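Rule-based calculations on the coordinates, nothing more; no lab input. Predicted model, so just to flag it, every value in this text is computed and none were measured. Reconstructed Cβ throughout: ideal geometry from the backbone, glycine too, with neighbour counts over all protein chains shown.
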């Protein structure tokens, strides 16, 4: 029987992929690639075509096979697929390590860099070669044999552990639910939330309502439920996921997983000559040193903490004076914050929801980028193989010619990882036969699905999330670079990669943007001016509290990876407590185990890099301020952002690209102004 994972496809054949095909396909491709590298590495006079291009062809074949498998593991997870995926991780890690430590291959790249032909290559090609030589160094190429072997063991074990962390979070999230049979327990919840909880109950063949720890279910309970005991119970289950605390204490406990990840990351950094994993991480970032990152975060904290404390004191006074709530606990903060927001601005996410039917939002989002960049997007309704019936597929065109495409998977469901993300399905690159492979993206969210005969109605927060992920997608899809390693988001410094995504969020607050994306699902009435005024007025409600919350995550992550030592007389919890003492204003409870489900840093790419969100927010706010000055849909400004940022991918340093667009280095003032922080 043929294996579709071994065949070349323009788009992945999702419906034909079965778990038992995965490992044999990977084994075959890795064997083919090893044989190809053996042939390619011995070259007297390596050229771009004979070395880099030839290698890229083989790596692309591996990427085409693995991308749909990895993606399906996140969005349609099953025991069989999980087993197949886990069986492949050590093989991929071993292959990556041996390629990264191949001295003959590295010498071929060095020879190419030192050849006369190097100067004839374009900027993107030169950047790709320089990045590769840097990555050889970071893969331990310069180490003695025994340390090289240890590096390989560390990478393989870390790959398995970070995946285990993610599995524990998914299992713990799905391993808890609360069945409600008395509607009175749900007093305060809007009808949309109750309809969702009813649908979740029906899926479990239960009467009444079911609360889960997926965000569309968890968030309304914490925001609107008048039943304080219920809020406490749901909050406790949520903040103790995958830990030694809470209702499922110890069942999917990430405590030992975290400890081992930190120990192995530290050992890896030491092997490569760095004092800490944070130092190692900075090597591929826009920031120049760990001191610069800590200085940046501490400066933002100094500017924000005073206002955050004032905002929290304001909330405490409101809860006490208006509602008799003296002792504000963590599970009360969202509830009373929403009441205060409504009292002050008379607006709620639920009131906005009818104006954001998913179809209207998507069409409006496409209109926004058409006005900015002159591209058009069309849904392809005829048969395109998809992994779930809810998934939609779109093409991106410029001047009538297709330049990219993407899948959109909007709704939360069982066996789907929580959160929202963009990932690469296919990257743009020019093949050796001259054919251009066009970029394809996965855009994934976890919004509330349509209930009954109503369309899916999004909160404004969800609209902002969609725009954020679409910004990542545009960065991937609008690139004009034809060198795989630096096309789209490839090769972009991690602390600059959030610039295009955070930039897009701004359009969700401007009248010109909202006029395109908002329309009542029954009447198509645009968002009334009164609601728009309230939305804009409420934009910076508790913004300093939000700022210090993000700084808490960023400082915890960076200090953890900078200060960890195997013999440290601290602990993950103690460090988090120390950071909270510096910046947190919300009441912490002793059983809170936030770190046990902090997948960004223990299972994603943000280890010693969570600060990237704030770093890139400075870039995005400053970039957007040029649009504020010159006109939101000013085509010249839009074209400049397209040409200097989105089309360039990772082909130049991000500081250089930003300066080309903005005419100067980034400044923090716009971020503080946009956030309403006076520090």
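Tell me, what is the percent relative contact order of the chain, built from C-alpha pairs under 8 Å that lie six or more residues apart? Show your work: numbers first, answer last.
Numbers: 1061 pairs, mean separation 110.1, N = 679.
RCO, the chain: 16 percent.
Distance from the Cα centre of segment 338-355 to that of segment 522-540, in angstrom?
If you average the Cα positions of each part, the centres end up 10 Å apart.
Sort 36-48, 72-84 for me by packing, meaning the mean count of neighbouring Cβ atoms within 10 Å per residue, highest on top.
Details: 36-48: 15.0, 72-84: 17.1.
The packing order, highest mean first, is 72-84, 36-48.
Using only the alpha-carbon atoms, how far is helix 19-40 inclined from the longest principal axis of the chain? Give it as 0 to 90 degrees, nearest 10.
40
Most exposed first by the Cβ proxy, i.e. fewest other Cβ within 10 Å, how do 217, 115, 571 rank? Can you show the working numbers first?
Numbers: 217 22, 115 15, 571 11.
Going from least to most buried by this count: 571, 115, 217.
Taking neighbour counts of Cβ atoms within 10 Å as a proxy for exposure, in what order, fewest first, do 559, 241, 228 appear?
On the way: 559 21, 241 25, 228 13.
Final ranking by Cβ density, sparse to dense: 228, 559, 241.
How far apart, in nanometres, would the label points at residue 628 and residue 145 be if each is projected 7 angstrom from Cα along the Cα-to-Cβ direction?
Result for the modelled spin labels: 6.2 nm.
So what's the gap between the Cα centers of segment 546-601 and segment 374-443, to the nearest angstrom?
Between the Cα centre of segment 546-601 and that of segment 374-443, the gap is 36 Å.
List the equivalent ellipsoid semi-axes of segment 94-149 in whole Å, largest first, each obtained as the square root of 5λ for an eigenvalue λ of the Cα gyration tensor. Could you put the intermediate results ahead of the total?
Numbers: eigenvalues 116, 23, 13 Å².
Ellipsoid semi-axes (Å, largest first): 24, 11, 8.
What fraction, in whole percent, of alpha-carbon pairs in segment 353-526 exceed 26 Å separation?
Numbers: 4353 of 15051 pairs.
Roughly 29 percent, once rounded to a whole number.
Shape of segment 292-449 from its Cα gyration tensor (a ≥ b ≥ c, root eigenvalues): rounded if a/c is under 1.5, otherwise prolate when a/b > b/c, or oblate?
On the way: a/c = 2.61, a/b = 1.96, b/c = 1.33.
It is prolate, given that a/c is not under 1.5 and a/b is the larger ratio.
Taking square-rooted eigenvalues a ≥ b ≥ c of the alpha carbon gyration tensor, is segment 189-318 rounded, prolate or oblate, where a/c under 1.5 means rounded and, failing that, a/b exceeding b/c means prolate? Can you show the working numbers first?
On the way: a/c = 2.84, a/b = 1.59, b/c = 1.79.
Cα axes put segment 189-318 in the oblate bin.
Using the Cα atoms of segment 4-142 to build a convex hull, what is its mean projected area in square nanometres? Intermediate values should be presented prior to the final figure.
Values: hull surface 36.5 nm².
The number I arrive at for segment 4-142 is 9.1 nm².
Rounded to a whole number of µm²/s, how large is the Stokes-Einstein D of segment 180-225 at 4 °C and 1.567 mPa s, given Rh as the Kirkwood radius over C-alpha pairs?
Details: Rh = 10.3 Å.
Here the translational diffusion coefficient equals 126 µm²/s.
Given the chain reduced to its alpha-carbon atoms as identical point scatterers, what log10 I(q)/I(0) does the Debye formula return at q = 0.05, 0.09, 0.10 Å⁻¹?
-0.23, -0.81, -1.03
Determine, for each peptide in 592-604, 277-289, 246-258, the mean count of other beta carbons within 10 angstrom over its residues, then list the peptides with the highest first. Mind showing how you got there, number by number?
Details: 592-604: 22.1, 277-289: 19.5, 246-258: 17.8.
The packing order, highest mean first, is 592-604, 277-289, 246-258.
Note down the nm distance, to one decimal, between modelled labels 7 Å out along Cα→Cβ at residue 120 and at residue 87.
Rounded to a tenth, the inter-label distance reads 4.8 nm.
Find how many whole Å separate the alpha carbon centroid of segment 633-679 from the alpha carbon centroid of segment 252-294.
Spelled out, the Cα-based centre of one part sits 29 Å from the other.
Once segment 47-125 is represented by equal point scatterers at the alpha-carbon sites, with solvent omitted, what log10 I(q)/I(0) does the Debye formula produce at q = 0.18, 0.26 Å⁻¹?
Those come out to -0.85, -1.24, one per q.
Against the longest principal axis of the chain, how steep is helix 145-174, in degrees 0 to 90 to the nearest 10, with axes from Cα atoms?
The angle comes out near 30 degrees.
Once the Cα atoms of helix 460-477 and of the chain are each reduced to a long axis, what angle between those two axes, in degrees from 0 to 90 to the nearest 10, is obtained?
It is inclined by approximately 10 degrees.
Based solely on its DSSP helices, what 222 nm [θ] is calculated for the chain when runs of n ≥ 4 H residues each add -39,500 (n - 2.57) and the sum is averaged over all residues, nearest 500 deg cm²/dmol? Each step should come with its number before you reach the end.
Numbers: 26 runs with 373 residues, N = 679.
For the chain, the value works out to -18000 deg cm²/dmol.
Classify segment 500-624 as rounded, prolate or oblate, taking a ≥ b ≥ c as the square roots of the eigenvalues of its Cα gyration tensor: rounded when a/c is under 1.5, otherwise prolate if a/b is larger than b/c and oblate if not. Mind dumping the intermediate values first?
Values: a/c = 2.83, a/b = 2.26, b/c = 1.25.
It comes out prolate by the Cα gyration axes.
When the label point is put 7 Å from the Cα of residue 678 along its Cα-to-beta-carbon vector, which residues of segment 290-324 have a backbone N closer than 17 Å?
Residues 302-315 fall inside that zone.
In what sequence, highest mean first, do 614-622, 357-365, 437-445 appear when ranked by Cβ atoms within 10 angstrom?
On the way: 614-622: 24.0, 357-365: 20.0, 437-445: 22.1.
Those peptides, ordered most packed to least, come out 614-622, 437-445, 357-365.
Under the 0.36 nm per residue contour assumption, what length would be gained going from the current alpha-carbon distance of residue 573 and residue 299 to full extension?
On the way: separation 274, 0.36 × 274 = 98.64 nm, distance 2.38 nm.
Contour length minus Cα-Cα distance gives 96.3 nm.
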